[in-house]
1. So if we plug the beta-carbon distance of A:Asp157 and B:Met20 into 1/(1 + (r/R0)^6) with R0 = 25 Å, what FRET efficiency do we get, rounded to 0.05?
2. Between B:Ala106 and B:Arg57, how high is the FRET efficiency from 1/(1 + (r/R0)^6) when r is the Cβ-Cβ distance and R₀ = 22 Å? Nearest 0.05.
3. For A:Phe200, enumerate residues with amide H under 5 Å from its amide H, sequence gap 5+ or separate chain, H modeled in the peptide plane.
4. For the pairing of chain A with chain B, what total accessible surface becomes buried, with a 1.4 angstrom probe, in square angstrom to the nearest 100?
5. Roughly speaking, what is the centre-to-centre gap between segment B:154-204 and segment B:32-73 when only Cα atoms are used, to the nearest Å?
6. What is the calculated FRET efficiency for B:Asn255 to B:Ala344, with r their C-beta to C-beta distance and R₀ = 45 Å, to the nearest 0.05?
7. What distance in nm lies between label points placed 7 Å from Cα along the C-beta direction at B:Leu49 and A:Arg124?
8. Checking the a/c ratio against 1.5 first, then a/b against b/c, what shape does the Cα gyration tensor give for segment B:82-132?
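The values are calculated or read from the model by the stated rules, or taken from the named source; none is laboratory data. All values reported here derive from a predicted model rather than from experimental measurement. FYI the Cβ positions are ideal-geometry reconstructions off the backbone, even for glycines, and counts take in every protein chain you see. Areas reflect the complete protein model, heavy atoms only, side chains present, ligands, DNA and RNA absent. Shrake-Rupley method; radii C 1.70, N 1.55, O 1.52, S 1.80 Å.
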There are 2 protein chains.
Amino acid sequence: MEPNAFKVRTALRRQRVTIMDVADSLGMTKSTVSRALNGYPDISESTRLKVRDAAERLGYRPLSNAQAIRTGRVRSIGLIIQISEYDRHRPFLADFLDGVSEAASAADWTMTVATAASDTDTFRLLCKLADERKVDGFILPRTLVDDPRVHLLREADVPFVLYGRTADDHGCAWFDIDSETAMADAVMRLAELGHERIGFIPAGDRYMYARLRSEGYRAGLKAAKLPFAAELVAPPALSRQEGANSARLILNQENPPTAILCAVDRAAIGVYDAAKELGLQIGRDLSLISYDDIPEAELMTPPLTTYAVDTRRAGARLTDLLIRRIKGEAPEKLRELDRARFVARGSHGFGPSAGPAKEINETVSKSGGKA
Amino acid sequence: MEPNAFKVRTALRRQRVTIMDVADSLGMTKSTVSRALNGYPDISESTRLKVRDAAERLGYRPLSNAQAIRTGRVRSIGLIIQISEYDRHRPFLADFLDGVSEAASAADWTMTVATAASDTDTFRLLCKLADERKVDGFILPRTLVDDPRVHLLREADVPFVLYGRTADDHGCAWFDIDSETAMADAVMRLAELGHERIGFIPAGDRYMYARLRSEGYRAGLKAAKLPFAAELVAPPALSRQEGANSARLILNQENPPTAILCAVDRAAIGVYDAAKELGLQIGRDLSLISYDDIPEAELMTPPLTTYAVDTRRAGARLTDLLIRRIKGEAPEKLRELDRARFVARGSHGFGPSAGPAKEINETVSKSGGKA
DNA sequence: GAAAGCTCCGAAACCGGTTTCGGCAACCCT
DNA sequence: AGGGTTGCCGAAACCGGTTTCGGAGCTTTC
């Protein structure tokens, strides 16, 4: 506008310093500065030092959008969360965001978060963020056995990484906690305590984790050389209410289980309710093991024995994998399976009979008796 | 590269459609298309329609970075959260993010979230996100009486909006819940029930909300024509533990309060512990009112009477204010004060004496007696 | 009927970077 | 000495938009 706009602007010093400012201050061209800062091999070491120094001195920070327009990368990872009523008061979200943010920051990336009210909304946001290139890729939490988000992004060739697995994972990078093995481990622990009839409350079959946990239960039975009995598998339960109902169903049989394994803690909380009604004391008359380690778990009486997940670490690992995926690594090489941590508290008890620990433990292993 | 690169690219159709594609398909220049889509007045209505139509048909989505480089706006709002142990299992975060995200989406903006481990970290992130222009402005939650973030951003001329107020709010846009009035309201309610000695457990004086709640307590006393008594104000408490300690201190006096008002629910939970120790039944021997409405509140026996905050709405309003601030509106015009909602549950009781409700209520208002 | 004004759009500059291309100088090798 | 590398950097194109400027064509005005 004004002929002396330049002077005015630099005088105010509110104007940001551009790559040209750095170049001018050194009598070089901006292409040299750019290549020097980005580690191109055709820049001499002495020049590179001078440039780096000048950039530092002038406080030059490249505009990420300006870079993005040419490089095609905004260095931002997308996260679309569909907040269920379940998750609201769980530390899950905070821990997860913390993990993602930390790993992203370390790599000089940022995290773009959006909340969705429905599946449709999720789709809309995925498309929009990718289309406008607000993000370079997505972390998809809570994967379904057959997940439409996967189809969409695979089709559109947008990088993504799953938190959890999916039935058809070709072209998918993922990170997951091995809850299958955890479930099997739980069955074996219970079997070792002498339990022969171990009930199971699954979590349905829509989410992949739910299916895997059911498979883990079966695998555990097989490993413990126990027969699978259909009447010991309750209807799926995801809430306290449903958990109580499921527990009532399998406990009210002629030959009830002496132990129950739950796919999720929330259902396990309901098992306490059902046990109370039936006059069973958990940890003594009924052993209980679950999975997730929600905060309520240790507040129960007796405290719930469960498997804990390091959510923060999950967020961090997922971020790392996604960034590598975006940079071009093959999805098949970007898969990690982490272990859940067994948290022994009171609810798994000591075996199918009442009484002090040691004794029972021995009695049980000899007799293999039932409650 | 290749002479026929253009053909190859359009054939693959994985190439994004640019403004040039739209222009070419209409035989116009890209400047016309740009102005048509952005509502410039020097474009005829017929042309505008044709352009809009073609853009729609071709699926044109402007690249937000490319726009940003010229307009200076990335349409992204920044949120840096320092997750305290307190907040982890509260729905606060989820609700807040939900509110921000929803309002941002509605305005076609996005939200960039980062978590910080410390104050230093927060500063670093504020600078980085602003410098690289990853965001256009910030929402600052949990404002301090004297908040260094405010100084930094005000100095750097980066738009921001506070969730909560601050001592010196010149140049600050903000949204807050009027907890001061809520506290005063609580005192008056208690006074109306006949209480003359109303204790207070404050939340310190570092956060602005804490200071305002203390002022509200005093204002309430004045309105109820009750004298302020220093011995009725306990040491600040932010946790259950601290709340219990504070409650013990003011209850173990020769002339203890018959009601307690807490600045935060977390401290109020501790009051239950202290009351139990002293053999006082809350809601009968001791009235209790608090503020925040954390999930545990309704699980207490009796359930805690408190003031609820609409966190989701707060996030949404803050976002709206910030966007307007970024667009240039004066900060002084961007200030909103919302009301907290009184949630009457069991803990506030019926007055300083024991007994059924109605009766006591009348006795009390006549005698003004103490427990 | 010519000057003036208005409507609408094309041409080109611009934003702040990245990347390609080409060429100068120095060095190496017969 | 001459030809071929090699190292290093400048010039310019490019990315995908936005914004300024100017001018063609039409209408209005006196």
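1. On the way: r = 22 Å, r/R0 = 0.87.
Here the calculated transfer efficiency is 0.70.
2. Working: r = 25 Å, r/R0 = 1.16.
Step by step, r from the Cβ atoms, then E = 0.30.
3. A:Val233, A:Ala234, A:Leu261
4. Values: alone 19430 and 19440 Å², together 34960 Å².
So the total buried area for this chain pair works out to about 3900 Å².
5. Taking the Cα centre of each part, segment B:154-204 and segment B:32-73 sit 45 Å apart.
6. Numbers: r = 28 Å, r/R0 = 0.61.
Computed FRET efficiency for B:Asn255 and B:Ala344: 0.95.
7. 2.7
8. Working: a/c = 4.55, a/b = 1.08, b/c = 4.20.
Verdict is oblate for segment B:82-132.
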